[in-house]
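Participant: Shown below is the structure under consideration.
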Amino acid sequence: EQPNVAEISVASKARLARLLAAENISVEHRNVPTAAFDIKNRILVLPMWKDISKDVYDLLVGHEVGHALWTPLDGWHGAISGKGANFKSFLNVLEDARIEKKVQRKFPGIRRSFTQGYKDLLARDFFGLKNRDVNTLGLIDRINIHFKAGMSAGVKFNDAEQVYVNRLAEAETWADVESIANDLWDLAQEAAETDVDHGP
């Protein structure tokens, strides 16, 4: 009996993830909304999506391998302290941009999968942008879309915002990510206070 081609493909992707991560990480396929990497237990979780393209699959593997290689356990688990649970989402957006840059630099052959994979995800409305103007989103969400979807997403930044975009493009370390996240968090808190209508 001939083995199932899809099973061979999934098994080979799990081997690829281990090779890229340069360690024997566990790879699991689960019914989850998106991929994730458990930094502490070293488990890469991939979703069981229908009709997933090779490029999206390689993008997910490459992204989570980036976390395996460069996201520090200590900093990540202590990230919530002091600023509340939402602060971790700021860190996550910025860390995603940093690790994706690094994984594409380390493995240049995966760049095409990142570009095409994000095009596929946009077409599937993975980011929930259908019938929405991306430029009405808050700064952290626009930064997320800009670094994932690139110029094709049409994200615009004013001069003050562009400073943060440039800092993130140059970020190399977790300390860089923390610094930018703290500054963006403070900026968001100030904007929320300023945007409140205090009445007459």
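Participant: Students often get this wrong, so check it: of LYS40/LYS130; LYS13/LYS40; LYS13/LYS148; LYS106/LYS130; LYS83/LYS119; LYS88/LYS119, which have C-alpha atoms separated by over 28 Å?
Facilitator: LYS40/LYS130; LYS106/LYS130; LYS83/LYS119, as the Cα separations exceed 28 Å there.
Participant: Which value, in Å², gives the accessible area per residue of the chain when a 1.4 Å probe is used on the protein heavy atoms?
Facilitator: Details: 11380 Å² over 200 residues.
Accessible area per residue, the chain: 57 Å².
Participant: What per residue convex hull volume, in Å³, do the alpha-carbon atoms of the chain yield?
Facilitator: Hull volume normalised by residue count: 150 Å³.
Participant: How about LYS50: which aspartates and glutamates have a C-alpha closer than 18 Å to its C-alpha, ignoring those fewer than 8 places off in the same chain?
Facilitator: By straight Cα distance, LYS50 reaches GLU7, GLU28, ASP58, ASP120, ASP125.
Participant: Something else about it: Which of these, ASN182, ASN158, ASN24, has the largest mean-square fluctuation under a Gaussian network model of the chain (Cα springs below 10 Å)?
Facilitator: Evaluated over the chain, the most mobile residue of the options is ASN158.
Participant: What part of the accessible area of the chain, given as a whole %, is carbon or sulfur when the probe is 1.4 angstrom?
Facilitator: Carbon-and-sulfur percentage of accessible area, whole number: 52.
Participant: Would you calculate a helix-derived [θ] at 222 nm for the chain, using -39,500 (n - 2.57) for each DSSP H run of n ≥ 4 and dividing by the full residue count, to the nearest 500?
Facilitator: The helix contribution divided over the chain gives -19000 deg cm²/dmol.
Participant: Please compute the Kirkwood hydrodynamic radius over region 118-188, one decimal place, Å, based on all pairs of different Cα atoms. Working shown, then result.
Facilitator: On the way: mean 1/r = 0.0768 Å⁻¹.
Computed over Cα pairs of region 118-188, the Kirkwood hydrodynamic radius comes out at 13.0 Å.
Participant: Kindly write out, for region 52-61 in residue order, the coupling ³J(HN,Hα) from the Karplus curve 6.51 cos²θ - 1.76 cosθ + 1.60 (θ = phi - 60°), rounded to whole Hz, with x marking Gly and Pro.
Facilitator: Here the 3J(HN,Hα) series is 6, 7, 4, 5, 5, 4, 5, 4, 4, 4 Hz.
The values are calculated or read from the model by the stated rules, or taken from the named source; none is laboratory data. Bear in mind that the values here come from a model prediction, so they are computed numbers and not experimental data. Protein only, heavy atoms only, side chains kept; ligands, DNA and RNA dropped before computing areas. Shrake-Rupley method; radii C 1.70, N 1.55, O 1.52, S 1.80 Å.
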